[in-house]
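Data first, discussion second: the structure below is written as structure tokens.
Each reported figure results from applying straightforward, stated rules to the coordinates on display, with no laboratory input. This one's a predicted model, so the numbers in the text were calculated from it and none came from an experiment. In this analysis, Cβ positions are derived from the backbone assuming ideal geometry, glycine residues included, and neighbour counts consider all displayed protein chains.
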Amino acid sequence: MGSWGTLGPALLSLAGVALGAGGSLIGQYLVSRASTRQLEVQESAAHRAELKDAVLKFLSVASRVEKAALTRSDGGGAPAGDKLAQLVDELWLAQAEIDLAARNEPLRGATYRYAFRLAETARGEVTDVAALRGPQAQFMDAAYDDMWPGRRRAAGSPAVPR
């Protein structure tokens, strides 16, 4: 009984230290995991904002190219060739911005195909506006997937079901 009286408190103290150290390590792990998750969320939000700006710029230029090219093909007030060429140059620059900001290859490819089809329209090689809608829808779907990976688009959107 004498040895337990001396060893007991020492062993209980040692057990308390071990439990405290274990609890501290678990706490540090949980804080680290939460910090990592918070950083991922912040980076994802920054990426979405950057990509959203690039997509909106691209769509603005694409709209102007389409409008100018289709006005010309309808026989309406033909835009000057230099102005249309300048718009196409702006389009390719906007496409390059998305190429740099995109996280995935499908968005890069869809952006290129849509820009290429718009450039064909500007050159007068494509006159049917319906030929632009497929690449445009693919571009929008790919942009959505890049900004919100793994998320389905809302009902009623032109996204293809997964």
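Relative to the longest principal axis of the Cα atoms of the chain, the long axis of helix 130-147 makes an angle of roughly 20 degrees.
Under a Cβ-Cβ cut-off of 14 Å, what is the net charge of the residues other than Leu132 that fall near it, where Lys and Arg count +1 and Asp and Glu count -1?
Every neighbour counted, the sum reads +2.
May I ask for the angle, rounded to the nearest 10°, between helix 81-101 and the longest principal axis of the chain, with both axes built from Cα atoms and the value confined to 0 to 90°? Here the helix axis deviates by roughly 10 degrees. Once you order the gyration tensor axes a ≥ b ≥ c over the Cα atoms, which shape class does segment 89-149 get: rounded for a/c under 1.5, otherwise prolate or oblate by comparing a/b with b/c? The shape class here is oblate. Counting only alpha carbon atoms, the long axis of helix 105-123 and the longest principal axis of the chain meet at about 10°. Have a look at Pro149, Pro135, Pro106 and tell me which one the Gaussian network model of the chain (Cα, springs below 10 Å) gives the largest fluctuation. The residue with the greatest mean-square fluctuation here is Pro149.
If each DSSP helix of 4+ residues adds -39,500 (n - 2.57) and the sum is divided by the residues in the chain, what number results at 222 nm, nearest 500 deg cm²/dmol? Don't jump to the answer; show the numbers that get you there.
Numbers: 4 runs with 130 residues, N = 162.
That calculation yields -29000 deg cm²/dmol at 222 nm.
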